[in-house]
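Only one structure is covered here, and it is reproduced in the block below.
The values are calculated or read from the model by the stated rules, or taken from the named source; none is laboratory data. Since this is a predicted model, take the numbers as computed values, not measurements. In this analysis, Cβ positions are derived from the backbone assuming ideal geometry, glycine residues included, and neighbour counts consider all displayed protein chains.
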Amino acid sequence: MSEHEQDDKKAVMLLAEELIDDLLQTSDEELINEELEDSGSVEPALNNIRVEIDAAINSLRKDRLAEARAAIARTRQSETPPKFDAVEIRRQVTEILSSKTGTTRMTIAARNGKALSEQEIISAFSDLCQLRGFGRSVPKENYGSSPKRSTFCKVWELLNLKR
Amino acid sequence: MATPSVPAEAALSATEVADGIRCLSDADILRFKRASQYLSYGGARPPADLRNEAIRRAADGTRKCPRNLPIVVFLFGVMRSIASADRKAIRRAPTLTVVSKGGSAASTLLDGVDPRRSPEDLIIQEEQVGELKRRVLDLFKNDLVAHTLAEGLVDGIEGRELKELVGLSDREFATKRRFVRRRIDKAFPNGWKR
């Protein structure tokens, strides 16, 4: 760029700065009157810019949502499902359920006379494994005061210890 | 004018900035529009794109707005910075071109047009800036004082010196500068590009 061309560019820059400075020196009322004088109404200009503002801010939100979704997808892809030894799981759960301590043992009365079937145990364990897959931000489940509470809590702790 | 780095506690949060932009007064909206038109020259993006990008950068927290700075002035600074970067980038930024991996050898040869501005393009652009300066000054050829003032403004003469040069009081100077801006606004209602 020649010196002359640089001067021209600088000249327009200086002019733009002076014009902006004058915009700031002009009162609100005067500016609105100028727009009325130039366009007959201020509403079209105001509405257009307000639409632009909303669109720009909303597009930002959409971008953030897309980024969050992409991040979740990346995390899910990178996570490998937990591997458990089925025999070991069964042994540990059986151990918990057959515990002699009154507080952890699942009573038959609490289950209307029916013992937990193996399918139910596996299903409960599978649910806990799935919950565990969500990882860090998932709080410990609240099992209330049901008789099963202590059993599930034990299983939950066992799972977390194995992580 | 770049926005200086601002300590986190002295800056508005991104949400506060977004709310502030949404709550701009009618007059500030008009200021925002006109400033975008003034700053869009010499290879900078068009005014609407300048406004859009400035809002996004301001509202996503990329740029920090000091708490004591009016939002509209902050937006001027962001637009100024974007426009300046555009003007610099246009001279040097090549764009990436996808070249197919497969196909014949001929199809993988890069025979596209160099995406950078050619020297001729740059000359045309520089001429446009020069032409713009001439067009602005021509607006005041029948008003010696306004012409001298406009010339002084584009030459970067400081306010006090300029006042002495045109022989105006502070009040008269402000009035004349307003006159210059208004005439430019009317001659370029959509910004510098016609």
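If only residues of segment A:29-45 that are among the small types (Gly, Ala, Ser) and within 47 Å of the chain's Cα centre (by Cα) are counted, the one that is nearest to the other protein chains (Cβ to nearest Cβ) is A:45. Scanning segment B:15-61 for residues that are among the aliphatic types (A, V, I, L, M) and over 22 Å from residue B:132 (Cα atoms) returns B:17, B:18, B:21, B:24, B:27, B:29, B:30, B:54, B:55, B:58, B:59. Considering segment B:6-58, and only residues there that are touching a strand residue (DSSP E or B) at 6+ places or on another chain (Cβ under 9 Å) and small (Gly, Ala, Ser), the residue that is modelled with the highest pLDDT turns out to be B:36. So how many residues does segment B:44-57 have that are at the interface with another protein chain (Cβ under 9 Å from one of its Cβ atoms) and touching a residue at least 24 places away in the same chain (Cβ under 8 Å)? Summing the residues that are at the interface with another protein chain (Cβ under 9 Å from one of its Cβ atoms) and touching a residue at least 24 places away in the same chain (Cβ under 8 Å) in segment B:44-57 gives 4.
Any residue at all in segment B:170-178 that is facing another protein chain (nearest Cβ under 10 Å), among the small types (Gly, Ala, Ser), out of contact with any Cys (no Cβ under 8 Å at 6 or more places or on another chain) and closer than 30 Å to residue B:45 by Cα? No, that holds for no residue.
With respect to (1) more than 7 Å from chain B (Cβ to nearest Cβ); (2) under 20 Å from residue B:23 (Cβ atoms); (3) over 38 Å from the mean Cα position of the chain (by Cα), the lone exception for residue A:55 is condition (3).
Could you check segment A:8-38 and list, in sequence order, the residues that are at pLDDT below 90 and either farther than 19 Å from residue B:149 by Cβ or surrounded by fewer than 17 Cβ atoms within 10 Å (Cβ to Cβ) (or both)? Within segment A:8-38, A:9, A:10, A:14 qualify. Taking the conditions exactly as written (of a type outside the set (Lys, Arg), surrounded by 17 or more Cβ atoms within 10 Å (Cβ to Cβ), within 18 Å of the chain's Cα centre (by Cα) and under 28 Å from residue A:35 (Cβ atoms)), does residue B:149 satisfy them or not? No.
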